[in-house]
Amino acid sequence: DEEDILALLHFNLIKAGYNAECATHGEEALQAVAAKKPDLILLDLMLPGIDGLEICRRLRADDATSEIPIIMLTACGEEADVVAGLELGADDYVTKPFSIKVLLARVQTVMRRKIELQSEADSEEIIRGALRIHPGRNLVQVNGATVDLTFTEFRVLEALASRPGWVFTRYQIVNAVRGEDYAVTDRAVDVQIAGLRKKLGLCGHYIETVRGVGYRFLEGM
């Protein structure tokens with residue numbers, strides 16, 4: 001609602017290559033978001049009418065706007081409001097007075113994160129026989145029934161099922177799940193595979209043991 005700061009933000013966002021639209025009141029902001037669903041919202045907490053925290057709450061409660069990234073703008077010393085905003089689902093915050101370079105860096109980071117998440121969510125399902133794996137949603141189903149897997153179990157299954165017939169050593173499985181140089185023993189990998197097979201039930205046999213080497217996912221499934 002401070003016109004000079006609003007003009008500064010608008011100018012620098014346009015200069016950085018973004019399309020930017022402004023609102024100075026809470027009600028106006030909600031109407032603008034409904035009319036043109038933005039890729040990101042810079043939200044001042046202190047607004048006339050509906051304040052920023054209430055706007056954040058309403059946006060997160062609406063399925064149409066719940067996933068739009070929100071960066072809060074807040075004055076120094078408003079720690080309680082920052083905490084409340086983050087608990088309501090804001091993605092980041094910048095305190096006033098702020099550096100334009102810092103703000104633009106935050107915008108870029110949040111936008112990049114959104115693109116990465118969309119890319120994962122849009123990734124194709126992996127279908128192997130009665131098994132369906134949706135990487136973006138971390139969802140696994142056997143004959144239509146959802147299987148509750150841990151993060152590690154999911155990543156192991158995704159790695160194996162993505163390349164049926166390919167033999168993975170235990171070291172390669174660790175790299176696929178945790179990255180290189182992650183200290184995990186062969187026994188720990190075997191325990192993960194055993195648990196995974198048990199949870200997959202009828203599809204557990206899709207994961208084959210290659211003695212002396214590692215594991216592979218059955219071809220032709």
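The values are calculated or read from the model by the stated rules, or taken from the named source; none is laboratory data. Keep in mind that what you see is a predicted model, and the values were worked out from it rather than measured. FYI the Cβ positions are ideal-geometry reconstructions off the backbone, even for glycines, and counts take in every protein chain you see. To get the accessible areas, we keep the full protein, side chains included, count just its heavy atoms, and leave off ligands, DNA and RNA. Shrake-Rupley method; radii C 1.70, N 1.55, O 1.52, S 1.80 Å.
In the chain, helices alone account for a calculated mean residue ellipticity at 222 nm of -14500 deg cm²/dmol, with every DSSP H run of four or more residues adding -39,500 (n - 2.57).
Remark: spin-label model distance A16-M221 equals 4.6 nm, labels positioned 7 Å along the Cα→Cβ axis. Taking Rh as the Kirkwood radius computed over C-alpha pairs, what is the Stokes-Einstein D of the chain at 25 °C in a medium of viscosity 0.890 mPa s, expressed in µm² per second? Stokes-Einstein gives a translational diffusion coefficient of 119 µm²/s. Of the solvent-accessible surface of the chain, computed with a 1.4 Å probe over protein heavy atoms with every protein chain present, carbon and sulfur atoms account for 51 percent. Counting only pairs 8 or more residues apart or on different chains, how many lysine pairs in the chain have their Cα atoms under 29 Å apart? For the chain, the number of qualifying lysine pairs is 13.
Dividing the mean sequence gap of close Cα pairs (under 8 Å, 6+ apart) by how many residues the chain holds gives a relative contact order of 12 percent.
Extension gain for A7 to E28 (0.36 nm times residue separation, less C-alpha to C-alpha distance): 5.9 nm. Think of each Lys and Arg Cβ as +1 and each Asp and Glu Cβ as -1; about the Cα centre, that makes the dipole of the chain roughly 1480 debye.
Only one residue of S66, A80, V156 has its Cα farthest out toward the positive end of the dipole of the chain, where Lys and Arg carry +1 and Asp and Glu -1 on Cβ, and that residue is V156.
At the listed q of 0.13, 0.18 Å⁻¹, the Debye profile of segment 1-122, built from one uniform point per Cα, gives log10 I(q)/I(0) equal to -0.48, -0.99. DSSP beta bridges fully contained in the chain are about 60 percent antiparallel. The Kirkwood hydrodynamic radius of segment 8-60, based on inverse pair distances between different Cα atoms, is 11.6 Å. Solvent-accessible surface of segment 70-111, averaged per residue with a 1.4 angstrom probe and all protein chains in place: 51 square angstrom.
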